[in-house]
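**Q** Before we start, here is the structure in question, set down as structure tokens.
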Amino acid sequence: MTSPLRPSDVLVVSTAQIAPVLAALDASAHRPIAITHHPWTPDQHQRAAESISLAIGERRLGAGDLVVFSSGSTGHPRGVIRTLTSWRASLEPLTQIIEASADDHMLIPGSVIGTMNLYAHFHARHLGCRVSTHSSPQRVTDATVLHVLGASAAGWLEYIRQGRAPHLRCVVTAGDRLPDHVLMDFAELGIRVVDYYGAAELSFVGWRGEPGPFVDFPGVQTRVHAKQMWVRSPYLAREPLDQRGSWQMHDDWASVGDRAITAESGWHIQGRGDGAITTGGHTVTVEEIEVGLRELPGVVDVAVVGIPHARLGQQVACVWSGDTTKTALTRAVSSWSPPMRPRRWHQVSVITRTNGGKIDRAAVQRLLTEQQHSNDSDERQEL
């Protein structure tokens, strides 16, 4: 019988420098590996260490295991336990979809907080290709593959239209659903898009290369039950590190609570079940509204939240960036179902996001709530 592990047996590597992380992932897995993130506060590091120690004590963590943390949107590290084998299993399928090789030059400009860009570096290391992390293609004119969040992809189009990335042939997006019109804009420039859906707990689930629904990622089986996405694949994490949260397992099928609907040739993701707004007795998802708003002309980025309302319970509120106006947006959504129309609007230069690139909904909600209180105060003074 092997001796029980101790917390000191876990190899903890920080994303402050990506090279040691990749070296650890390349090494033989004689002990567990945990990947932490340098922008965390001391309290967040402490919470992660305590969770790892607890998993060791409960014998849920062993050699060959990998602990990765999602950036999440709450500010608290949410870890999952998976095997290195499960991460490596998707390398070749992704290579085939992207049609990548060692000759590619990958541009990965985002933070490695969370798993999307961390895995992009892991994949590039597997291929042995060149990697750059500059924040714009004008610094890397020979890049061939760009990894970027869906919500940020439109911002790169102008650089590309100006010929500043003449060798770019593929854009890989995830995180936020890429608006169809942006996908088509890339296609018109002769650039292939691979837009995928996944989660830290599930890894790759589906992908698409043209407007329309997602299809299953190679090796993945999906099913939609009670409007919820369930996944079975060799890429799944084994279990949460500590708090179960939205994680669910039934037999060998897993779900993180994302809402989905089937389509004739695939399926659509409608957002996380806990990202719902109940307004006037109707439940709508923030992601569904955001997808519609991002399709509107002049919108660069958008965030939707629910703010308290005395009569409706919650009110749909929107923060947007871009060169369109509130009047134009209000007119554009006038044909939408009433519960889905934003009732509060606020324009900003940049949408607040977490270190992992996800919308910081708590910050957006505070901004809109403060604006609401300020407007109410102004109305009272006028009276």
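Throughout, read-outs are computed from the coordinates displayed, never taken from laboratory work. Keep in mind it's a predicted model, so treat the numbers as computed, not measured. Cβ placement follows ideal geometry from the backbone for every residue including glycine, while neighbour counts extend to all protein chains displayed.
**Q** Of all DSSP beta bridges located in the chain, what percent are antiparallel, nearest 5? Before the final figure, lay out each step's value.
**A** Values: 47 of 71 bridges.
About 65 percent, rounded to the nearest 5.
**Q** How fast does the stretch 51-173 diffuse by Stokes-Einstein, in µm²/s, taking the Kirkwood radius from C-alpha pairs at 25 °C and 0.890 mPa s?
**A** Translational diffusion coefficient: 153 µm²/s.
**Q** What list of ³J(HN,Hα) values in whole Hz, one per residue of the stretch 337-346 in order, does the Karplus curve 6.51 cos²θ - 1.76 cosθ + 1.60 (θ = phi - 60°) give from phi, with Gly and Pro shown as x?
**A** Values per residue, Gly and Pro as x: 4, x, x, 8, 7, x, 10, 10, 10, 8 Hz.
**Q** Gain in length, ARG232 to THR278, computed as 0.36 nm per residue apart minus the alpha-carbon separation, to one decimal in nm?
**A** Answer, rounded to one decimal: 13.5 nm.
**Q** OK, next. Explain nothing, just compute: Karplus ³J(HN,Hα) = 6.51 cos²θ - 1.76 cosθ + 1.60, θ = phi - 60°, for every residue of the stretch 254-259 in order, whole Hz, x for Gly and Pro.
**A** 10, 8, 10, x, 5, 7
**Q** Can you tell me the Rg and Dmax of the stretch 280-378, counting just the alpha carbons, in angstroms?
**A** For the stretch 280-378, the Cα radius of gyration and maximum Cα-Cα distance read 13.0, 37 Å.
**Q** Restricting attention to the alpha-carbon atoms of the chain, what are Rg (one decimal) and Dmax (integer), both in Å?
**A** Reported Rg and Dmax, both Å: 21.6, 79.
**Q** VAL171's amide H: which non-local residues (gap 5+, or another chain) put their own amide H closer than 5 Å, with H modeled 1.01 Å from N in plane and none for Pro or chain starts?
**A** Counting only residues 5 or more places away or on other chains, the set is LEU146, ARG192, VAL193, VAL194.
**Q** Also, quick follow-up: From the square roots a ≥ b ≥ c of the eigenvalues of the alpha-carbon gyration tensor of the stretch 80-139, which class results: rounded (a/c under 1.5), prolate (a/b over b/c), or oblate?
**A** Since a/c reaches 1.5 but b/c is at least a/b, the shape of the stretch 80-139 is classed as oblate.
**Q** Per-residue HN-Hα couplings for the stretch 52-68, Karplus 6.51 cos²θ - 1.76 cosθ + 1.60 at θ = phi - 60°, whole Hz, x for Gly and Pro?
**A** Taking θ as phi minus 60°, the curve returns 5, 4, 5, 5, 5, x, 8, 6, 9, 10, x, 4, x, 8, 10, 9, 10 Hz for the stretch 52-68.
**Q** With springs only between Cα atoms under 10 Å apart, run a GNM on the chain and tell me which of MET116, MET340, MET249 wobbles the most.
**A** MET249
**Q** How many times 2.2 N^0.38 Å is the alpha carbon radius of gyration of the stretch 88-270?
**A** Here the answer is 1.04, to two decimals.
**Q** A further question on this structure: Cut-off 10 angstrom, C-alpha nodes, Gaussian network model of the chain. Which of VAL171, VAL299, VAL231 fluctuates the most?
**A** Fluctuation is largest for VAL299.
**Q** What do you get for Rg/Rh over the stretch 7-84 if you use C-alpha atoms and the Kirkwood form of Rh? Spell out each step's value before the answer.
**A** On the way: Rg = 11.9 Å, Rh = 12.7 Å.
Rounded to two decimals, Rg/Rh equals 0.94.
**Q** Oh, and also: Where the only charges are on Cβ atoms (+1 Lys, Arg; -1 Asp, Glu), what is the dipole of the chain about its Cα centre, to the nearest 20 debye?
**A** About 380 debye.
**Q** Something else now. With each run of n ≥ 4 DSSP H residues scored as -39500 (n - 2.57), what mean residue ellipticity at 222 nm is computed for the chain after dividing by its residue count and rounding to the nearest 500 deg cm²/dmol?
**A** Here the helix-only value at 222 nm equals -8500 deg cm²/dmol.
**Q** Of LEU107, LEU11, LEU178, which is the most mobile in a GNM of the chain whose springs link Cα atoms less than 10 angstrom apart?
**A** LEU11
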